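For reference, the structure discussed in these notes is given below.
Values quoted throughout were computed directly from the atomic coordinates according to the rules given, and no laboratory measurement underlies them. This structure is a prediction, so every number in the text was calculated from the model and none was measured. Cβ coordinates were reconstructed from backbone atoms using ideal geometry, including for glycine residues, and neighbour counts include every protein chain displayed.
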Amino acid sequence: MTTTDPVTAKQVTADWARVFDGFDIWRPLRLLRRVGPLVQGITLDRSTSGDAYLPTAHIHALVRPFPVVSLALGQRLASTSGVQEAIKFTDHAEYYLDAARRLAGQARLSLDVPPTVADVVTELRAFAIDQNYLGGMPAVMAVEDSILIPSASGDRDLAEEGLQLARDLVKKWPKHRLPLAWVGEGVWISSLRKSLDNAEDLLAIVESQVRAHKLAKIRQN
């Protein structure tokens, strides 16, 4: 195959799956693996023009009903200057191995050895704190996930630490930057406490999301 030969999405997916053999092919251009009550993924979304793909490492928590597998903690392949990179399908054979190596180096979580739940929670907390420091939108979902994921995993101490972070951060979040449907500090903290105390309910949600997104065949670490 030369760099000018047409390359199909199926071939691109298979090549990346061989590089990251700890992941399973979920759909064309989507690789996933289960890590407790979440999935870690590598997405190879097509560019707007359709002639290239955009490698992205991410996670998605299964602890709430959600219609799609999201790109939480998303890290798109970036150049040394920080610009997002796209791999043209015609150049795939020449560049995908280097692109995979660089994405692994840039990702927040290991794409080699599966991360632990504690690793994921650490990154979620760091993201939420960074967003607040940089003046970005409050990372409400990341904070929630840092509580719900360990609760569903049976690590109550880690979940309690996340709840304390929620109490600390919510006092610093500018009200005008909170979601339009924001329920208020007291109601939010109370709802998180209730979820933390009901791990069985969270696990039921996880299983329903596994069925909804057809994840049963994805290997669990």
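Given Cβ point charges of +1 (Lys, Arg) and -1 (Asp, Glu) and nothing else, what value in debye, to the nearest 20, does the dipole of segment 1-80 about its Cα centre take? Kindly include the intermediate steps, with their values, before the conclusion.
Numbers: 9 positive and 6 negative charges, 67 e Å.
Dipole about the Cα centre, nearest 20: 320 debye.
Between the Cα long axis of helix 199-212 and the first principal axis of the chain there is an angle of about 30°, rounded to the nearest 10.
So which of Lys194/Lys214; Lys10/Lys214; Lys88/Lys214; Lys194/Lys217 end up more than 22 Å apart, counting from Cα to Cα? Intermediate values should be presented prior to the final figure.
Values: Lys194/Lys214 28 Å; Lys10/Lys214 19 Å; Lys88/Lys214 29 Å; Lys194/Lys217 31 Å.
Distance filter (> 22 Å) returns Lys194/Lys214; Lys88/Lys214; Lys194/Lys217.
Across the chain, the relative contact order, built from alpha-carbon pairs under 8 Å that are at least six residues apart, equals 21 percent. Taken over the alpha carbons of segment 31-131 as equal point scatterers, the Debye sum produces base-10 log I(q)/I(0) values at 0.16, 0.19, 0.25 Å⁻¹ of -0.73, -0.98, -1.40.
Built from the Cα atoms of the chain, the convex hull projects on average onto 12.8 nm², one quarter of its surface area.
Could you sort the peptides 38-51, 161-174 by per-residue average Cβ neighbour count (10 Å cutoff), highest mean leading?
Numbers: 38-51: 17.7, 161-174: 15.6.
So the order, starting with the most tightly packed, is 38-51, 161-174.
Each listed q (0.12, 0.23, 0.24 Å⁻¹) maps to a log10 I(q)/I(0) for segment 116-208, found by the Debye formula over equal Cα scatterers with no solvent: -0.35, -1.18, -1.25.
The Cα-based radius of gyration of segment 90-130, divided by its Kirkwood radius, gives an Rg/Rh of 1.16. Using alpha carbon centroids, what distance separates segment 163-221 and segment 24-94, in Å? Cα centroid of segment 163-221 versus Cα centroid of segment 24-94: 23 Å apart.
Label reach from Ala204 (point 7 Å along Cα→C-beta): in segment 47-76, amide nitrogens under 20 Å belong to 62-67.
Any chance you could give the angle, 0 to 90 degrees and rounded to 10, that helix 9-19 forms with the longest Cα principal axis of the chain? Tilt relative to the chain: about 70 degrees.
Charges at C-beta only: +1 for Lys and Arg, -1 for Asp and Glu. How large is the resulting dipole of the chain about its Cα centre, in Debye rounded to 20?
Details: 26 positive and 26 negative charges, 92 e Å.
It works out to roughly 440 debye.
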